[in-house]
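The values are calculated or read from the model by the stated rules, or taken from the named source; none is laboratory data. Just so we're clear, the structure is a prediction, and the values are computed from it rather than from any experiment. Here the Cβ positions follow ideal geometry from the backbone for every residue, glycine too, while neighbour counts run over all protein chains shown.
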There are 2 protein chains.
Amino acid sequence: METKEAVTALAALAQETRLSVFRLLVQAGPEGMSVGSIGEKLGVAPATLSFHLKELSHAGLVTSRQESRFIYYMADFAQMAALMTFLTRNCCKGMPQECLAVMETALAGCCAPTSSQT
Amino acid sequence: METKEAVTALAALAQETRLSVFRLLVQAGPEGMSVGSIGEKLGVAPATLSFHLKELSHAGLVTSRQESRFIYYMADFAQMAALMTFLTRNCCKGMPQECLAVMETALAGCCAPTSSQT
DNA sequence: TCCATGTTTCTATTATTGTTGAATCATGGA
DNA sequence: TCCATGATTCAACAATAATAGAAACATGGA
């Protein structure tokens, strides 16, 4: 990932509605959610939601699939990982220990042992 | 971290100049860099740079310290980690394996064995 | 105190982004 | 084919963000 792509992805997430949509899809998992369900859950008008989904899609953060009349959107985890990689690249130059600790903290809430999913 | 704070942080990074400044500071490590050095390195006018540093600072992504006439800015790794934590929270609901793999990928470029820093 | 240098604030201008009603497109059932 | 429903595009407006010249502020040395 290069700077421009990262800026696009960050800008896509840097908006309250879009961030909520993205996190909702992250939590929804690989099945995703239909546009209608997302709009209903978040209270966003169809046109507005469509605009935001397009932004997220353009940034590569979500993908979609059609199923009957419904269109399901789902989060793209690989792109999210690429973004995190970009942000942390070369982060260790002057402080490898500090950085490692920080990264461990960052992941502590994610992928916790299978028993502790609340 | 909650949504609003995350949006602020993401918005701060979702701008080419600011993203460059932040990554420069990430690479500069804990010593940081003076405003003048940053501006010189990136070719940004003082007023513009000051504006962007204020944004990054307001987002909690950088801190500063005064040293003689110079002001040094440095990246705040804890805040970066908090942001990553926020983005990945609850990410495992439907796909723990996939998610773990993705996170490992995300960190592969960071904190690599001490020999491979290019 | 006065000056030089580093940084920030002020102000104005330009560009970009977010929102939504109405219209359009797409799919599947009667 | 016609209609109902789900989703997107269009158009127009309102709000926010980026840029930089000029002025102001802060620090340290002469």
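Brief remarks on what is shown
- Members of the stretch B:43-80 found to be among the aliphatic types (A, V, I, L, M), under 12 Å from the mean Cα position of the chain (by Cα) and either surrounded by fewer than 19 Cβ atoms within 10 Å (Cβ to Cβ) or assigned to a loop (DSSP other than H, G, I, E, B) (or both), listed by number: B:A59, B:L61, B:M74, B:A78
- Qualifying residue in the stretch B:24-42 (condition: among the acidic types (D, E), away from DNA strand C (no atom under 13 Å from the Cβ), assigned to a helix (DSSP H, G or I) and facing chain A (nearest Cβ under 10 Å)): yes
- The C-beta contact set for the stretch A:58-76 (first residue within 13 Å of A:A12 (Cα to Cα), second residue near DNA strand D (Cβ under 8 Å from one of its atoms) and of a type in the set (A, V, I, L, M, F, W, C), distance under 7 angstrom, 6+ apart or interchain) comprises A:V62/A:L53.
- Qualifying residue in the stretch B:104-112 (condition: more than 18 Å from the chain's Cα centre (by Cα), at pLDDT below 65 and closer than 21 Å to B:M1 by Cβ): no
- Selection over the stretch B:1-42 of residues that are touching a Pro at 6+ places or on another chain (Cβ under 9 Å) and crowded, with 17+ Cβ neighbours inside 10 Å gives a count of 2.
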